[in-house]
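Derivation of every value follows stated rules applied to the coordinates shown; laboratory data play no part. The structure displayed is predicted, hence computed values, not measured ones. When we count neighbours, we look across all protein chains shown, and the Cβ atoms used for this are built from the backbone with ideal geometry, even at glycine.
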Amino acid sequence: MKSYTFRIVIDTKEDSFRDIEISKDDNFETLHDLIIEAYNFKGDQMTSFYMSDDNWDKGEEIALMDMGFGKSMKETLLSDMIKEPNQKILYVYDFLKMWIFYVELIKENPKKTVDNLPAILVSVGDSPKEDAKEVPNLLEGMTETSKSSEVDDFYSQYGDEFSEDFDEGFGSFENIDDLDI
């Protein structure tokens, strides 16, 4: 059975990486599960893989959930997407906290190197605590005046159009109970 060896590096201040081996015939969901296990995360967040280039730019998305379009982890085999040596893949876990993992193919194995695949081969550095990373405050640094002026700018640019679309979509109502939802 042919396999891949990947190095998984998590984007943290402290050095932390895992080398894993997985069958070429496994799907991205198995790779997702192995990364979660390797870093002791709960695995209860939305996540996606993005095929990447040498600059780590996001390419084609492979989502955990089948969204009815695009590729899903369960339906996409690793061997269908790994097209070159040293293939790079971004793995984003928890779209609010934005845990980013850099996944790089470091070896294609003509046969598996360990008996039970998938397997964690090497573990260097501590796993960060999943809950230690805070959701970024996107309004941080904005004063009430700047927030207000940005709202004013929005309404001056889109106000009439936004109001018309809103009224057309929902109509006017006096009481929320009047909405037909």
Dipole of the stretch 3-132, positive end: most advanced residue of SER23, PHE41, VAL9 [Cβ charges, Cα centre]:
SER23
Return the sequence-ordered ³J(HN,Hα) values of the stretch 93-99 in whole Hz as given by the Karplus equation 6.51 cos²θ - 1.76 cosθ + 1.60 applied to θ = phi - 60°, using x for Gly and Pro.
10, 6, 5, 8, 7, 6, 6
Protection proxy ranking, peptides 28-38, 66-76, average beta carbon neighbours within 10 Å, highest first:
28-38, 66-76
Between TRP99 and residues 5 or more places away or on another chain, which pairs have amide H atoms under 5 Å apart, with H built 1.01 Å from N, and which residues are they?
TYR93
Would you mind counting up the charge near ASP15? Only other residues with Cβ under 14 Å from its Cβ, with Lys and Arg at +1 and Asp and Glu at -1.
-1
Which of the GluC sites (Glu not before Pro) found in the stretch 85-130 are loop residues per DSSP with 14 or fewer other Cβ atoms within 10 Å of their Cβ?
none
For the stretch 23-28, in residue order, the Karplus 3J(HN,Hα) values (coefficients 6.51, -1.76, 1.60; θ = phi - 60°; whole Hz; Gly and Pro = x) are 4, 4, 8, 6, 9, 5
